[in-house]
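Note sheet for the following structure.
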Amino acid sequence: MYPNPITNGTAVIKFEKVFAGKYTVQILTTTGTPVMQQIVEVNAKTQATQLNLGKQVTPGMYLIKVLSAKSEAVYTDRIVVQ
């Protein structure tokens, strides 16, 4: 996920070495409350997808979680929105 910190409300998440299919990208507060969710269709072994955080994600620290179609976490990280 880049950039981190996010300064313009837009970030890119890069999927590498994952199976094709639908993935759920979640942005959560540090207490686990969902703020944003987006479904991403991955068709290639390496794919970059742009996320528009909009005004619903205010400045602060968040967790990003990517879940497979089976609801298994395949990626988790912390991000900062400025």
Considering the zone a paramagnetic label at THR46 would reach in this model (a point 7 Å from Cα along the Cα-to-Cβ line), which residues of segment 1-38 have amide N under 19 Å from it? 1-3, 12-21
Name all residues of segment 1-34 having a backbone nitrogen under 16 Å from the label point set 7 Å from the Cα of GLN56 along its Cα→Cβ direction, giving them as ranges. 9-11, 24-30, 32-34
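How much net charge surrounds THR31 when only other residues with a Cβ under 14 Å from its Cβ are counted (Lys, Arg +1; Asp, Glu -1)?
On the way: positive: LYS65, ARG78; negative: none.
With Lys, Arg at +1 and Asp, Glu at -1, the neighbours total +2.
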Computed over segment 10-81, the ratio Rg/Rh where both radii use C-alpha atoms and Rh is Kirkwood: 0.95
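Just so you know, all these numbers are worked out from the coordinates, no wet-lab data involved. Computed from a predicted model, the values in this text were never measured in an experiment. Note: ideal-geometry Cβ built from the backbone for every residue, glycine included; neighbour counts use all protein chains shown.
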